[in-house]
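I have placed the structure first, in the form of structure tokens, so that the comments after it can refer back to it.
The values are calculated or read from the model by the stated rules, or taken from the named source; none is laboratory data. This is a predicted model, so every value here is computed, not measured. Cβ placement follows ideal geometry from the backbone for every residue including glycine, while neighbour counts extend to all protein chains displayed.
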Amino acid sequence: MARRQNGQGTVERLSSGRYRFRIALPDGKRKWSPTFETEKEALEMLQASLSVLKNIPQVKITPTLRVWGEQWLGRRRNRNMDSDRSNWKNHVETALFIDSPISQINRIDIRNWLRELERKPALVPAVGGGFQRADWSISSNVQRKALNLLRCALSDAIEDELIKTNPADGLKIETDPDLEDQWTYLTEDEIAQLLHCQQIDKNKRLIYQFAIYTGLRQGEIFGLRWDDVYIEKTNAPHIIVRRSFSGPTKNKKHRKVPLVERALSALVEFRDRNPQSTEIVFCKPDGEMYSVGYDNGWSDRKNKGRHQAGHKTLAKIDRDVRFHDLRHTTASHLIMGSWGTPWSIYEVKNLLGHSSVTVTQRYAHLSHEYLQNKASVTALDCGPNLVHARFTNEGLGHNPEMGVTGVEPVTFGFGVQENSPKKQGLTLIKSVQTVQDPVQTLKNVSIDVLKLVANKTPVPAGLLRELTNAALCHPFVQMIGKLQQGGDFVLDVACELAAHVISDCDLLTNKHMEGTQNGK
């Protein structure tokens, strides 16, 4: 066989003594020629073929979406690799253009695919592992993930110079209406129904109990190792969350989660009941980890064509509640104070491992019953004339989020300080009696307001009105008005005002010094 330069073809001598050549075509494929009597004839025909091909425009052939997707997923490295492969297989590979070259896929093709996704049945866990089709369509969130996956794949194809534009750019999935209503949590009665349902295996109920009282994500629960559990010889039992199933956590950060009594007891009892649990905490009967997407039997499913009730149904929870809503349950009840002292939104943020308080506020829903009870107590205790001290300083240079020094804002998730006169609701305080002297009135009212604030007690609206009226009647205010009006005696008014100010400042200084000397 004669050796030639790359791109110049190859001539080969066959066992029969005849010759043939092989040449690369514009589509990248290589093809053998017919046979020739002599090598010279084969070379002449090869040269003629090369001359013809030289004048044919070279067309760059791009891989199909199926081929490119396999290459792209193979080199992709992130915590959602398994999820990305699953979404690609279940949603992108079902597209009609999956075997088309990526250079030929256009926006119309992708729009048609998105319309098909809207009607595609959802997948739910099946008995014995795997998934089965449900009676409802996949959510807009699943559609959005599939579109984003395709968009990322085509974007990287641009970087590899396989295509010039991304036909998926700018396409969006409309958010489901009333999306907020899809987030929910279990009430205290529903928690009791679930944890005491005798139709549910005890081990499964212990997992639910641990989930409800820790707020861990689904993957964090089933990826927890005993190496990350610290409950022996410590006054502060806790776990370190490092994994989600076999991968990193959602934000790729570790966090320490303290264990409340009910979470700790669930953990200890599960360990005592399951001797195979030596590495993975909530493991299979054989000690291995559950597969991604495992929901502990929460959802209804079909078993050999027959409907099988999930644990949610067995516990008579007839609302649309998912396993992930157990995490919302934790946040909601901690903020409401259902299990004791209410937690602040920042404390719940750190417990759940959220990236910002905004995320925590979205998850931590408050029940209508809780809000109604709060409103009823506030209406009974406060009356119409009560204003909390926090709101008296807005517009005076104070940060509304900080409230007044020494006073805890009464907002969702904060409540009143333990040492306040009354923990729930606000106490109505009678206004002080006013006196005729405007200066003395102003002093008395001012002292009363400061005492209430110092004692972390709400300030009545009536007292604030008295403070305002007394201030308006003070000689300072009257003199300031005369100064603003001007006139022949403006200099006399200015001198009188200055004398009052110096006198009051000296009085305040002397009082301060006396208080310091007396240790007050």
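When residues of the range 208-256 are filtered for being of a type in the set (A, V, I, L, M, F, W, C) and either at pLDDT below 90 or under 16 Å from the mean Cα position of the chain (by Cα) (or both), how many remain?
Within the range 208-256, residues that are of a type in the set (A, V, I, L, M, F, W, C) and either at pLDDT below 90 or under 16 Å from the mean Cα position of the chain (by Cα) (or both) number 2.
Restrict the check to the range 182-202 and report whether at least one residue is over 24 Å from TRP343 (Cβ atoms), part of a helix (DSSP H, G or I) and in contact with a helix residue (DSSP H, G or I) (Cβ under 8 Å, 6 or more places away or on another chain).
Yes - at least one qualifying residue is present in the range 182-202.
Do any residues in the range 10-22 that are within 15 Å of GLU44 (Cβ to Cβ) and assigned by TED's automatic domain parsing to the domain that holds GLN47 have Cβ atoms under 7 Å from those of residues that are exposed (fewer than 13 other Cβ atoms within 10 Å of the Cβ) and aromatic (Phe, Trp, Tyr), where the two are at least six apart or on different chains, and which pairs are they?
Sorted first by the residue in the range 10-22, then by its partner, the pairs are ARG20/TRP32.
Of all the helices (runs of 4 or more DSSP H) wholly in the range 331-387, which have at least 1 residues that are buried (at least 16 other Cβ atoms within 10 Å of the Cβ) and at pLDDT 85 or above?
The qualifying helices (runs of 4 or more DSSP H) are 345-352.
Would you mention how many residues in the range 80-117 are modelled with pLDDT of 90 or more and touching a strand residue (DSSP E or B) at 6+ places or on another chain (Cβ under 8 Å)?
Count: 5.
Quick check on LYS302: is it of a type in the set (Lys, Arg), surrounded by fewer than 20 Cβ atoms within 10 Å (Cβ to Cβ) and over 15 Å from GLN218 (Cβ atoms)?
Taking the combined requirement at face value, the residue satisfies it.
Name the single residue, out of those in the range 226-278 being of a type in the set (Asp, Glu) and surrounded by fewer than 15 Cβ atoms within 10 Å (Cβ to Cβ), that is farthest from SER355 (Cα to Cα).
Only one residue tops the list, namely ASP272.
Any residue in the range 68-81 that is in contact with a Pro (Cβ under 7 Å, 6 or more places away or on another chain) and not assigned by TED's automatic domain parsing to the domain that holds LYS29? Before the answer, list the steps.
Of all residues in the range 68-81, those in contact with a Pro (Cβ under 7 Å, 6 or more places away or on another chain) come to 79.
Next cut, not assigned by TED's automatic domain parsing to the domain that holds LYS29 only: 79.
Yes, the range 68-81 contains at least one residue that is in contact with a Pro (Cβ under 7 Å, 6 or more places away or on another chain) and not assigned by TED's automatic domain parsing to the domain that holds LYS29.
Out of the residues in the range 2-26 that are surrounded by fewer than 10 Cβ atoms within 10 Å (Cβ to Cβ) and at pLDDT below 80, which is farthest from LEU53 (Cα to Cα)?
The extreme case among them is ARG3.
Which of (1) in the same structural domain as THR330 (by TED's automatic domain parsing); (2) in a helix (DSSP H, G or I); (3) not polar (S, T, N, Q) does ASP156 not meet, given it meets every other one?
Answer for ASP156: the failing condition is (1).
Only one residue in ILE212, ILE200, ILE207 is surrounded by 14 or more Cβ atoms within 10 Å (Cβ to Cβ), touching a residue at least 24 places away in the same chain (Cβ under 8 Å) and in contact with a Phe, Trp or Tyr (Cβ under 6 Å, 6 or more places away or on another chain), so which one is that?
When all the criteria are applied, what remains is ILE207.
Just to be sure before I move on: is ARG77 modelled with pLDDT under 90 and farther than 16 Å from ASN166 by Cα in the structure I sent?
On the way: modelled with pLDDT under 90: yes; farther than 16 Å from ASN166 by Cα: yes.
For ARG77, the condition - modelled with pLDDT under 90 and farther than 16 Å from ASN166 by Cα - is met.
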